[in-house]
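The values are calculated or read from the model by the stated rules, or taken from the named source; none is laboratory data. Please read all numbers here as calculations on a predicted model, not as lab measurements. FYI the Cβ positions are ideal-geometry reconstructions off the backbone, even for glycines, and counts take in every protein chain you see.
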Amino acid sequence: MEQPRQHAESAAPLRRRPPRPPNRPQPPPAWNNLGGVLKELRRFDDTLHAVETARDLYQQTGDTNGEASAWNSLGIALKDLRRFDDALHAHQTARDLHQQTGDTNGEAIAWNNLGGALKDLRRFDDALHAHQTAHDLHQQTGNTHGEAIAWNNLGTAYRGLGRFDEAVVAGKQAAAMLAAARDWFRTGEAWGEVATTLTAAGADTAQVREAWEQSAQAYTQAGAGEEADASREHATHTETMEAQLPTDAVRPEEEVALESG
């Protein structure tokens, strides 16, 4: 899960803003927010241009916190373009700038997204460290929602390292915290990651199906019908696989036990 950093201006109701005079340059937050809109439209090259413009304007005005947020957005845009090394550099820069200004929450977000870039580069040990740092910083600031996102990402890092038991524990912790925060969309994502981990671990199909069903329920509560349907399809597919499994079949975890004996 990525953590976008929203600028304070983005939360202000549009109706309260006075109209801009013609040809007046757009401020950096407007460019950053435009990048977010373009990302939703999957216009990733245009997104990159918008957030680069925001970054440059923040640099010109000496707004270090704003620049750090723009670097974070830039890293996400580069990831969408599959420029993973460049994304890593962008998130490292965001982290360093937030450290300079003492913005602990911003630093935690940067560490989290840095971990995502490291996973894209298959550097799972480094990713685990990054997500653990994000988790600890969010705990320090009392940001339970950020902590929940960090738990989810810790789970995917553990999975990349083949540490499936820890991955499941972390993923379920994320799902519980996100549900408590009523962030149903991310709850659906978290349960989907748990299901993926259980599948990779060769867990009992009933556990995998239950995780996908939990994912579908959360997405339904979020009003995300397409994602809910996809999770239900996964659950149905898992159930079909279970029905086709011969009663005397040896499950993967049992096979490992037999071989080790």
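The listed residues are Ala257, Ala249, and the only one of them that is modelled with pLDDT under 95, surrounded by fewer than 17 Cβ atoms within 10 Å (Cβ to Cβ) and in a loop (DSSP other than H, G, I, E, B) turns out to be Ala249. Take the conditions (1) modelled with pLDDT of 85 or more; (2) surrounded by fewer than 10 Cβ atoms within 10 Å (Cβ to Cβ); (3) not hydroxyl-bearing (Ser, Thr, Tyr); Pro18 misses just one of them, which is (1).
Condition check for Gly225 on (1) out of contact with any helix residue (DSSP H, G or I) (no Cβ under 7 Å at 6 or more places or on another chain); (2) modelled with pLDDT under 95: one failure, at (2). For Thr141, indicate whether it is of a type in the set (Ser, Thr, Tyr) and within 24 Å of Ala87 (Cβ to Cβ). When the stated conditions are applied, Thr141 does not pass them. Does Thr220 qualify as being farther than 21 Å from Leu128 by Cβ, in contact with a Leu (Cβ under 7 Å, 6 or more places away or on another chain) and at pLDDT 95 or above? Judged against the criteria, Thr220 is not a match. Within the bounds of the range 174-191, is there any residue that is surrounded by 18 or more Cβ atoms within 10 Å (Cβ to Cβ) and within 19 Å of Asp125 (Cα to Cα)? Taking every residue of the range 174-191 in turn, none turns out to be surrounded by 18 or more Cβ atoms within 10 Å (Cβ to Cβ) and within 19 Å of Asp125 (Cα to Cα).
Look at the range 193-215: where a residue is over 25 Å from Asp183 (Cα atoms) and a partner is surrounded by fewer than 19 Cβ atoms within 10 Å (Cβ to Cβ) and among the basic types (Lys, Arg), sitting 6+ places away or on another chain with Cβ atoms under 9 Å, you get Gly202/Arg251; Ala203/Arg251; Asp204/Arg251; Thr205/Arg251.
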